[in-house]
Amino acid sequence: MMRSDDRPVILWLRRDLRLTDHPALTAACAGGRPVIPVFILDDQVAALGAAAQWRLGQGLEVFARTLADRGSRLILRRGPAQEVLQALIAESGAGAVHWTRAYDPISRERDGAIKSALKAQGIDARSFPGSLLFEPWTVQTGTGGPYRVFTPMWKTVRGRDVAPPLPAPGRICAPEAWPVSDRLQDWALGTAMRRGAAVLAAHSAPGEAAAQDRLARFIDEGIARYEQRRDIPGVEGTSGLSEYLALGEIAPQRCWHAAFAARERGGAGAETFFKELVWREFAYHLMYHSPQILTGNWRSEWDDFPWNTDRSDPRVIAWTRGRTGMPFVDAAMREMYVTGRMHNRGRMIVASYLTKHLMTHWRIGMDWFAEHLTDWDPASNAMGWQWSAGSGPDATPYFRVFNPESQLAKFDRDGSYRRAWIAEGQVSPPDTALDYFRAIPLCWGLAPGDPYPAPIVSAQEGRRLALEAYQNRSVAGAHDGKT
DNA sequence: CTCACATTTGT
DNA sequence: CAAATGTGA
């Protein structure tokens, strides 16, 4: 009879496509047991936006090669996760299933059900940390509740120890026989991108090795000037790590330790970078403790606000296509279409413009981002949109409306961001700007030689309308709450 | 209870 | 400098 600790371990991979800093993998390899890495295409993966799905396909391709280089394999299966795992256990005689925790409500429900079902069959089903610096339940206010404001949470966690970097396992043992696997190309991940996929590919470097190169370059060249340059979208001042973190091609603790080791040289830049990593933690903290942040107003007094909810509104269409006539807004929307990412300042400005100037529901913007971002992350996306709309966990006064024109003057002084992404009106536009027209659906009927549109809603008029509506909301809200 | 304070701003 | 409420210690 087979002893239980000789039986294979199934390593169920999700958003953790890496070998380093991977506690679930390291534990699976301990004791020399065979490991069967598997990725499952279930409903949740199928529901990913087109760009995120495309990027996942790229990541899986690289990760499968990485495993193959070490004498292992990535098994691909399609179907409800629990059924797939049960089938694999039956086929392989596996005695354990390991995975890295996810924190969104759908995953938590699924994983919890799978864990109890497997345990009831005597399978050692175990979840591990790995995606966050701090598990959400280990961060509490003085009275034991969850944080709702960033700064107090930052002050609480900033001095904490972060798990040290964990090397890739020396050896990943293969099972005696490999279970059959789907072929990645048959999954056709991200084919909904159509023309966009070729353009995205030119702006993408998937995989753990690329992630670590990016981090190393940021620590060498970027971190010392991060504080000043991260706000200027026309220069490469950010870490550029978001999509690696989103897919788990790099772990946040590796980023944290790399910056910590460079803190002398990094100075204020290192501190700012730590803060940004903790913003990601804060987003997960909020999603874990109030999952409804993904679907409804975090502050319910916003439920009565007269948002525009018409996705076919011509002004909303103009926003999605980068044709609002506001160069900062349009440049950022096109950057996202071409690269799958958007500079953080761009994200704030397009979100402010959609929710305030166009008074359109943040959910419409959030959904558009989910469809077009390769670094899409449910927690950060929801937090960011609700923060911008004013319905989120933030005390921003309602009159704080970004002015897309003065923001351009402030943060794109030399016009390089605008020129990089908007072809119209330029004699010889750069490739980045032309890439937009190579990526968009032909039926949009846009060409680089078109005249650049006049503003659909001016900065001043949009601000006036938004303030008026927000002021009315305050009065109505006070009525509702205090009768 | 009190009191300090709140990412990213506009005019 | 506006301007006001919720958060957290």
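What follows is calculated from the coordinates using simple rules that are stated; it is not laboratory data. From a predicted model like this one, the values you see are computed outputs, not experimental measurements. When we count neighbours, we look across all protein chains shown, and the Cβ atoms used for this are built from the backbone with ideal geometry, even at glycine.
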Normalised contact order of the stretch A:1-130, rounded percent, pairs of Cα under 8 Å and 6 or more residues apart
34
Give, in whole angstrom and from largest to smallest, the semi-axes √(5λ) of the equivalent ellipsoid of the stretch A:313-389, with λ running over the eigenvalues of the Cα gyration tensor.
16, 15, 11
Cα-based Rg/(2.2 N^0.38 Å) for the stretch A:300-471, rounded to two decimals, is 1.00
Compute the projected area of the convex hull of the Cα atoms of the stretch A:1-130, averaged over all viewing directions, and report it in nm² to one decimal place.
7.8
Would you compute, for the Cα atoms of chain A, the largest minus smallest coordinate along each principal axis and list the three values in descending order, in whole Å?
78, 60, 48
Phi-based couplings in Hz for the stretch A:321-338 (Karplus 6.51, -1.76, 1.60; Gly and Pro marked x):
9, x, 10, 7, x, 9, x, 5, 4, 5, 4, 5, 5, 6, 4, 5, 5, 8
Which residue, A:N472, A:T156, A:L19, has the largest displacement toward the positive end of the dipole of chain A when charges sit on each Cβ (Lys, Arg +1; Asp, Glu -1)?
A:T156
Under a point-charge model restricted to the Cβ atoms of Lys and Arg (+1) and Asp and Glu (-1), what is the dipole moment magnitude of the stretch A:1-130 relative to its Cα centre, in debye to the nearest 20?
140
Of A:Q386, A:T141, A:A201, which is farthest towards the positive pole of chain A's charge dipole, taken about the Cα centre with +1 and -1 on the beta-carbons of Lys, Arg and Asp, Glu respectively?
A:T141
With n ≥ 4 as the cut-off for DSSP H runs, can you work out [θ] at 222 nm for chain A, using -39500 (n - 2.57) per run divided by the number of residues, rounded to the nearest 500?
-14000 deg cm²/dmol
Size of charge dipole - chain A - debye, nearest 20, with Cβ of Lys, Arg +1 and Asp, Glu -1, no other charges
460
Amide H neighbours of A:V97 under 5 Å, at least 5 residues apart or on other chains, H built in the peptide plane: list them.
A:I10, A:D124, A:A125, A:R126
May I ask which residue of A:A64, A:I123, A:Q53 lies farthest towards the positive end of the charge dipole of the stretch A:1-130, with charges of +1 (Lys, Arg) and -1 (Asp, Glu) on Cβ and the Cα centre as origin?
A:A64
Listed residue pairs exceeding 30 Å between alpha carbons, taken from A:K356/A:K410; A:K115/A:K275; A:K275/A:K410
A:K115/A:K275
